[in-house]
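The structure appears below as C-alpha coordinates.
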Amino acid sequence: MPKIINEDDVFKAVLELLVTRGYDRATTSDLAAAANMHEATLFRKYGSKVGLIERAIEQQLSTTPLHDVSYTGDLRADLLAILQAYVATVEQYGEIMPMLLLEIPRHPELKGTLEAPLANIQGIMHILQRYQEAGLLKTEPPLTSVNVLLAPIMVNEMYRRVQIDIPAASIDLEEYVEAFLQGRKQG
(Lines give C-alpha, C1' and ligand atoms only; values in the text may rest on other atoms or scores of the structure.)
Protein backbone atom coordinates (compact mmCIF):
# COMPACT_ATOMS: atom_id res chain seq x y z
CA MET A 1 0.00 0.00 0.00
CA PRO A 2 1.49 3.35 -1.00
CA LYS A 3 2.31 5.85 1.71
CA ILE A 4 -0.19 8.69 1.98
CA ILE A 5 1.56 12.01 1.51
CA ASN A 6 0.26 15.04 3.39
CA GLU A 7 1.11 17.78 0.89
CA ASP A 8 0.56 20.54 3.43
CA ASP A 9 3.34 19.07 5.61
CA VAL A 10 5.53 18.53 2.54
CA PHE A 11 5.08 22.10 1.37
CA LYS A 12 5.71 23.60 4.82
CA ALA A 13 8.93 21.61 5.13
CA VAL A 14 10.04 22.66 1.64
CA LEU A 15 9.45 26.36 2.34
CA GLU A 16 11.23 26.18 5.68
CA LEU A 17 14.24 24.54 4.07
CA LEU A 18 14.30 27.11 1.26
CA VAL A 19 14.16 30.04 3.64
CA THR A 20 16.88 28.65 5.90
CA ARG A 21 19.24 27.31 3.20
CA GLY A 22 18.43 29.05 -0.07
CA TYR A 23 17.81 27.37 -3.40
CA ASP A 24 21.30 25.99 -4.07
CA ARG A 25 21.83 24.49 -0.62
CA ALA A 26 18.35 22.95 -0.48
CA THR A 27 19.21 19.84 -2.48
CA THR A 28 16.57 17.46 -3.77
CA SER A 29 17.71 14.84 -1.27
CA ASP A 30 17.40 17.43 1.54
CA LEU A 31 13.96 18.47 0.28
CA ALA A 32 12.86 14.83 0.11
CA ALA A 33 14.17 14.17 3.62
CA ALA A 34 12.46 17.30 4.98
CA ALA A 35 9.24 16.19 3.31
CA ASN A 36 9.67 12.66 4.71
CA MET A 37 9.63 11.01 1.30
CA HIS A 38 12.07 9.30 -1.02
CA GLU A 39 13.78 11.43 -3.62
CA ALA A 40 12.33 9.27 -6.40
CA THR A 41 8.82 9.91 -5.05
CA LEU A 42 9.52 13.64 -5.08
CA PHE A 43 10.49 13.52 -8.76
CA ARG A 44 7.59 11.24 -9.68
CA LYS A 45 5.05 13.47 -7.95
CA TYR A 46 6.43 16.95 -8.74
CA GLY A 47 8.69 16.40 -11.75
CA SER A 48 11.63 18.47 -10.54
CA LYS A 49 13.01 20.57 -7.71
CA VAL A 50 11.54 23.69 -9.32
CA GLY A 51 8.19 21.92 -9.82
CA LEU A 52 8.04 21.03 -6.13
CA ILE A 53 8.99 24.56 -5.08
CA GLU A 54 6.42 26.14 -7.41
CA ARG A 55 3.66 23.88 -6.07
CA ALA A 56 4.70 24.53 -2.47
CA ILE A 57 4.72 28.29 -2.88
CA GLU A 58 1.51 28.36 -4.92
CA GLN A 59 -0.41 26.23 -2.42
CA GLN A 60 0.96 27.77 0.75
CA LEU A 61 1.00 31.44 -0.23
CA SER A 62 -2.40 31.39 -1.91
CA THR A 63 -3.96 30.48 1.45
CA THR A 64 -2.05 32.84 3.73
CA PRO A 65 -3.62 35.55 5.88
CA LEU A 66 -2.05 38.04 3.46
CA HIS A 67 -4.09 36.54 0.64
CA ASP A 68 -7.31 37.31 2.51
CA VAL A 69 -6.90 41.05 3.16
CA SER A 70 -9.54 43.19 1.51
CA TYR A 71 -10.72 46.77 1.17
CA THR A 72 -13.26 47.79 3.84
CA GLY A 73 -13.36 51.57 3.47
CA ASP A 74 -11.65 52.07 6.84
CA LEU A 75 -8.09 53.11 5.98
CA ARG A 76 -6.53 52.62 9.42
CA ALA A 77 -8.22 49.25 9.91
CA ASP A 78 -7.17 48.09 6.45
CA LEU A 79 -3.54 49.12 6.96
CA LEU A 80 -3.49 47.37 10.33
CA ALA A 81 -5.08 44.26 8.79
CA ILE A 82 -2.45 44.24 6.03
CA LEU A 83 0.39 44.48 8.55
CA GLN A 84 -1.11 41.85 10.85
CA ALA A 85 -1.62 39.53 7.87
CA TYR A 86 1.96 40.12 6.72
CA VAL A 87 3.33 39.33 10.18
CA ALA A 88 1.15 36.21 10.43
CA THR A 89 2.27 35.08 6.97
CA VAL A 90 5.93 35.55 7.88
CA GLU A 91 5.39 33.63 11.12
CA GLN A 92 3.86 30.77 9.14
CA TYR A 93 6.18 30.64 6.14
CA GLY A 94 9.25 32.71 6.89
CA GLU A 95 10.73 35.31 4.63
CA ILE A 96 10.04 33.42 1.40
CA MET A 97 9.51 36.55 -0.72
CA PRO A 98 12.90 38.20 0.05
CA MET A 99 14.57 34.81 -0.47
CA LEU A 100 12.92 34.42 -3.89
CA LEU A 101 13.83 37.95 -4.94
CA LEU A 102 17.46 37.21 -4.10
CA GLU A 103 17.50 33.79 -5.78
CA ILE A 104 15.66 34.51 -9.07
CA PRO A 105 18.48 36.57 -10.67
CA ARG A 106 20.80 33.57 -10.16
CA HIS A 107 18.12 30.99 -10.98
CA PRO A 108 15.67 32.36 -13.60
CA GLU A 109 13.87 29.00 -13.59
CA LEU A 110 12.34 30.11 -10.27
CA LYS A 111 10.47 33.03 -11.88
CA GLY A 112 7.25 30.97 -11.92
CA THR A 113 7.34 30.78 -8.13
CA LEU A 114 6.40 34.46 -7.87
CA GLU A 115 2.80 34.06 -9.03
CA ALA A 116 1.16 33.57 -5.62
CA PRO A 117 3.35 36.06 -3.70
CA LEU A 118 2.81 38.68 -6.40
CA ALA A 119 -0.94 38.09 -6.30
CA ASN A 120 -0.79 38.90 -2.57
CA ILE A 121 1.24 42.07 -3.26
CA GLN A 122 -1.15 43.09 -6.05
CA GLY A 123 -4.08 42.68 -3.67
CA ILE A 124 -2.43 45.10 -1.25
CA MET A 125 -1.63 47.47 -4.13
CA HIS A 126 -5.29 47.55 -5.15
CA ILE A 127 -6.39 48.35 -1.62
CA LEU A 128 -3.87 51.20 -1.31
CA GLN A 129 -4.73 52.48 -4.79
CA ARG A 130 -8.38 52.79 -3.82
CA TYR A 131 -7.38 54.97 -0.88
CA GLN A 132 -5.14 57.01 -3.15
CA GLU A 133 -8.03 57.53 -5.57
CA ALA A 134 -10.22 58.62 -2.65
CA GLY A 135 -7.60 61.23 -1.74
CA LEU A 136 -6.75 59.58 1.60
CA LEU A 137 -3.22 58.54 0.67
CA LYS A 138 -0.45 60.25 -1.24
CA THR A 139 -0.67 59.56 -4.97
CA GLU A 140 2.37 57.51 -5.95
CA PRO A 141 2.94 54.19 -7.67
CA PRO A 142 1.00 51.67 -5.55
CA LEU A 143 4.05 49.38 -5.33
CA THR A 144 5.97 52.24 -3.70
CA SER A 145 3.23 52.49 -1.07
CA VAL A 146 3.38 48.72 -0.48
CA ASN A 147 7.16 48.84 -0.15
CA VAL A 148 7.03 51.76 2.30
CA LEU A 149 4.36 49.97 4.33
CA LEU A 150 5.99 46.54 4.51
CA ALA A 151 9.74 47.24 4.35
CA PRO A 152 10.34 48.11 8.03
CA ILE A 153 8.44 45.00 9.15
CA MET A 154 10.29 42.85 6.60
CA VAL A 155 13.74 44.16 7.50
CA ASN A 156 13.04 43.87 11.22
CA GLU A 157 12.04 40.24 10.71
CA MET A 158 15.17 39.58 8.66
CA TYR A 159 17.36 40.98 11.46
CA ARG A 160 15.52 38.84 13.99
CA ARG A 161 15.97 35.68 11.92
CA VAL A 162 19.71 36.07 11.43
CA GLN A 163 20.16 36.75 15.15
CA ILE A 164 22.76 39.44 14.70
CA ASP A 165 24.00 41.42 17.65
CA ILE A 166 21.51 44.23 17.07
CA PRO A 167 18.34 43.90 19.08
CA ALA A 168 15.37 43.90 16.71
CA ALA A 169 12.75 45.84 18.59
CA SER A 170 9.21 44.71 18.13
CA ILE A 171 7.10 47.12 16.15
CA ASP A 172 3.79 48.24 17.58
CA LEU A 173 1.63 47.87 14.47
CA GLU A 174 -0.97 50.44 15.53
CA GLU A 175 1.71 53.05 16.20
CA TYR A 176 3.36 52.15 12.92
CA VAL A 177 0.09 52.65 11.01
CA GLU A 178 -0.17 56.14 12.49
CA ALA A 179 3.42 56.93 11.49
CA PHE A 180 2.81 55.57 7.99
CA LEU A 181 -0.27 57.76 7.64
CA GLN A 182 1.65 60.85 8.79
CA GLY A 183 4.21 60.26 6.06
CA ARG A 184 1.78 59.23 3.32
CA LYS A 185 -0.99 61.81 3.70
CA GLN A 186 -2.28 63.31 0.52
CA GLY A 187 -0.54 66.66 0.38
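The table that follows gives values for the structure above.
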item	result
Checking residue 130 against (1) in a helix (DSSP H, G or I); (2) among the charged types (D, E, K, R); (3) touching a Lys or Arg at 6+ places or on another chain (Cβ under 9 Å); (4) surrounded by 15 or more Cβ atoms within 10 Å (Cβ to Cβ), the condition it does not meet	(3)
Among residues of segment 74-94, those that are over 25 Å from residue 129 (Cβ atoms) and surrounded by 16 or more Cβ atoms within 10 Å (Cβ to Cβ), counted	3
Members of segment 136-187 that are assigned to a loop (DSSP other than H, G, I, E, B), at pLDDT 90 or above and within 24 Å of residue 96 (Cβ to Cβ)	141
Sole exception among (1) over 13 Å from the mean Cα position of the chain (by Cα); (2) of a type outside the set (Val, Ile, Thr); (3) closer than 23 Å to residue 172 by Cβ for residue 84, by number	(1)
Leading residue by the ranking (surrounded by the most Cβ atoms within 10 Å (Cβ to Cβ)) among those in segment 99-122 that are outside any loop (DSSP other than H, G, I, E, B) and in contact with an Asp or Glu (Cβ under 9 Å, 6 or more places away or on another chain)	113
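The values are calculated or read from the model by the stated rules, or taken from the named source; none is laboratory data. The model shown is predicted, which means the values in this text are computed figures rather than measured ones. No Cβ is skipped: glycine too gets one built from the backbone with ideal geometry, and neighbour counts run over all protein chains shown.
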